[in-house]
Structures are given as structure tokens and as C-alpha cells.
1. What number, in percent, do you get for the relative contact order of region 1-131 if the mean sequence gap of Cα pairs under 8 Å and at least 6 apart is divided by its residue count?
2. Distance between Cα centroids, region 189-223 to region 126-179: provide it in whole Å.
3. Please check: in the Gaussian network model of the chain (C-alpha springs, under 10 Å), which one of LEU330, LEU102, LEU300 has the largest mean-square fluctuation.
4. Compute the accessible area per residue over the chain, keeping the other protein chains in place, probe 1.4 Å, unit Å².
5. Length gain on complete extension for the stretch ALA124 to ALA298, per 0.36 nm per residue less the alpha carbon to alpha carbon distance?
6. Let's see if you can work this out: charge +1 on each Lys and Arg Cβ, -1 on each Asp and Glu Cβ, no other charges. What is the dipole magnitude of the chain about its Cα centre, in debye to the nearest 20?
7. Taking amide H positions as placed in the peptide plane 1.01 Å from N, state which residues far from PHE192 in sequence (5 or more) or on other chains have amide H under 5 Å from it.
8. So how far apart, in nm, are the two label points at VAL270 and ALA60 if each is 7 Å from Cα heading toward Cβ?
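The values are calculated or read from the model by the stated rules, or taken from the named source; none is laboratory data. Remember, it's a predicted structure, so these values are computed and weren't measured experimentally. Don't worry about glycine lacking a Cβ; one is built from the backbone with ideal geometry, like all the others, and counts go over all protein chains shown. Side chains are part of the model used for accessible areas, which takes the heavy atoms of the whole protein and leaves out ligands, DNA and RNA. Shrake-Rupley method; radii C 1.70, N 1.55, O 1.52, S 1.80 Å.
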Amino acid sequence: METPLNIRLSVLDQSPVPVGRTPREALQHTLELARLADRRGFTRFWVSEHHNTNTLAGSAPEVLLARLGAETSRIRLGSGGVMLPHYSALKVAENFRLLETLYPGRIDLGIGRAPGSDRITAHALNPHNTFSDEDFAEQLMDLRAYLRDEVVEDTIHATVKASPFADTRPELWLLSSSGQSGLFAAEAGAAFSFAHFINPNSGPKLMKLYRDRFKPSAELTAPQANVAIFVVCADTAGHAQALADNLALQMLKLETGQYSPIDAVEKVNVASLSPDLLHRLAYHHQRIISGTPDKVKAELTALAAEYQVEEVVAVTITHDFDDRLRSYELLADAFALPTPATASVAAVSA
């Protein structure tokens with residue numbers, strides 16, 4: 001498959017809570033960013049699930065998505081993702097069928113199996129969570145059956161259905177940073193998103209494995225995939241580098257057990273790090289594409305070609321919200337994303 005020149009761009013927003021800001025402000029920023037993404041022609045807007053943290057405010061994607069639907073008009077909205085082992089498959093299916101009923105044709109149900117927290121918090125969310133592949137696979141099959149209204153004799157699916165009943169269904173995605181969920185997605189005939197922003201190694205090989213093993217389903221006759229990566233785009237190379245260094249340093253802090261919110265750029269002192277920490281910082285930079293618009297466009301296009309996908313999901317975290325907004329504005333301009341008005345005119349012309 002050749003990668004098209006006009007790659008689709010989407011957003012994964014984690015509702016970051018920077019130093020000096022509150023969770024309420026972080027969520028208001030997510031709403032504002034969703035409105036911008038809707039207006040500027042991004043394909044999807046996904047929100048994440050994290051627990052027991054003071055750095056990210058998004059703990060319940062299904063709740064946040066209900067508000068985001070009212071704030072937007074055309075962009076697809078979804079979870080990036082719901083951590084299925086924390087919940088019952090029936091309740092997840094009902095949450096997202098309700099969202100799909102409210103916003104038909106716009107809802108993505110992105111499923112993950114990582115804790116999205118520490119193991120103690122995961123146990124508190126679901127004391128029966130075994131973290132086993134077998135249990136996850138069974139949950140996934142149950143979830144798919146609820147979404148499809150499948151009637152399977154001699155099982156719970158013969159009598160229990162997920163409501164509300166509507167004429168459209170949420171689009172099912174599996175998210176992964178290791179590849180195992182790609183195999184689950186292939187087996188289930190579901191879409192697949194690889195988190196390069198978590199794991200910058202082996203992604204293209206795992207994506208190929210998903211495509212090679214994909215089994216067509218009622219929902220998808222061919223593989224559908226995207227890749228997610230940290231993106232920092234700025235008007236100048238120097239500012240982009242400073243923002244990227246700041247983000248990489250935040251990852252380094254998390255890696256060394258410093259669970260503090262992202263700080264202002266001017267407080268970053270990369271030069272003071274030891275050689276070992278500088279080596280780790282270089283590794284974390286592999287999880288980020290940064291620079292001016294032309295450079296970012298070229299590198300995102302190369303990444304899409306490497307993964308053989310037509311869609312890239314940008315994850316942007318900065319201390320200042322204006323920098324985050326500006327990064328997405330520059331991305332939309334660089335890729336000449338079709339705005340809703342532009343798309344409507346093109347459709348009429350055709």
C-alpha cells in the first residue's frame with residue numbers, strides 16, 4: 001500500500017495538568033482543543049484513561065466524550081482508550097452504544113488492556129482483574145457480541161443485550177504499545193492503533209503482523225490502522241526544540257519515579273543531566289516528532305510510510321496551553337486539512 005500525500009490527522013488528548021494549573025482548567029482546555037480539531041479538519045479526537053495521578057485529568061473517557069459530542073459537530077470522538085479489564089464488557093458496550101445513539105456515526109470505542117495506572121489502583125478498580133491474555137480475549141469477544149447484538153445459544157448472549165438499541169454502532173479499535181492487542185484486533189476483525197509515543201521500537205513489524213493476520217469481519221473487510229506519536233510543532237526550530245526537550249524530560253522524570261506535572265520550559269536544564277540520563281533523554285526523543293511545520297510534515301509522512309498507514313494520531317503535551325493549540329493549528333495548515341466548509345464545497349463541486 002502506498003502512503004497518500006494527504007495523510008489524515010487525528011488527536012489523542014490526555015488532559016494534562018501542568019504546574020500551576022488545575023484539573024478543571026485541564027478539562028476546559030480539552031474542550032477548547034476539541035472545538036479547534038473539529039473546526040480545522042482533524043479526523044478523530046480521542047481522550048485517554050488514567051487513574052491515581054495528579055498529572056492527567058482524564059479518568060473517565062465515556063463521561064468526557066458525552067460533553068465533547070455537544071461541543072463539536074463533525075469530528076469522530078472516541079476513547080484512547082477504555083481499559084477493558086477494569087470493567088464489565090456489558091457496561092462498556094452500553095456506555096458506547098449510548099454515546100453512539102446521541103452522536104450517530106461519530107463514536108470510536110478504543111480498547112486497551114494496560115492498567116492506565118499502577119497495579120494497586122488497577123486492583124481497586126477491579127479486584128478480580130487477573131491481567132491474563134485469556135481473560136482479556138474472553139472479555140473482548142463478549143464486548144463484540146454485545147455491540148453486534150449477537151444471539152449465542154447456551155450463553156449469556158442468548159438473553160442479555162446491550163442497550164440502547166440503535167441503527168448504528170460505535171467503531172471498535174484496539175490499542176497497543178506491545179503488539180499483542182494487534183493480534184487480538186486481527187482475530188476480531190477490528191481496527192488497530194499502535195502507540196509509538198509509548199514504544200518507539202518494533203511498531204512497523206507489529207503493524208505488518210496485524211495486517212497479515214487480519215480476518216475480515218462484518219464491520220471491516222480489510223485492515224484499518226493508525227499510529228500515535230508525540231508531536232510538537234512550533235513557529236521556530238528553537239522553540240520546538242525547547243518544547244520537545246521539556247516533554248522528553250517529563251518522560252524521564254516519570255521513568256525515575258518523579259510523578260510531577262510538566263513544568264515551564266524556562267525551568268528545564270538539560271545540560272545539568274548526567275551522561276546516563278542524557279542517553280535516556282535521547283531515547284525518549286524517539287517518541288517525539290518536533291520542529292517547524294515543514295520538518296514535522298516530512299517526518300510524520302515518513303512515519304506513516306514506515307507503518308504503512310494513512311492516519312497519524314498526534315499527542316501534544318506542553319506546559320502552556322497556547323503552545324499546544326498552536327502546534328495543532330500549524331499541523332492543520334502544514335497538511336492543508338480540509339475544513340468543514342471546504343469539504344462541503346468540494347462535495348457540491350463533485
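1. Values: 203 pairs, mean separation 29.7, N = 131.
Over region 1-131, the number comes to 23 percent.
2. Value for the Cα centre distance between the two parts: 19 Å.
3. LEU102
4. Details: 15650 Å² over 350 residues.
Accessible surface, normalised per residue, equals 45 Å².
5. On the way: separation 174, 0.36 × 174 = 62.64 nm, distance 4.41 nm.
Contour length minus the Cα-Cα distance gives 58.2 nm.
6. On the way: 32 positive and 42 negative charges, 63 e Å.
Its charge dipole is roughly 300 debye.
7. LEU174, GLN224, ALA225, ASN226
8. The two pseudo-label positions are separated by 4.0 nm.
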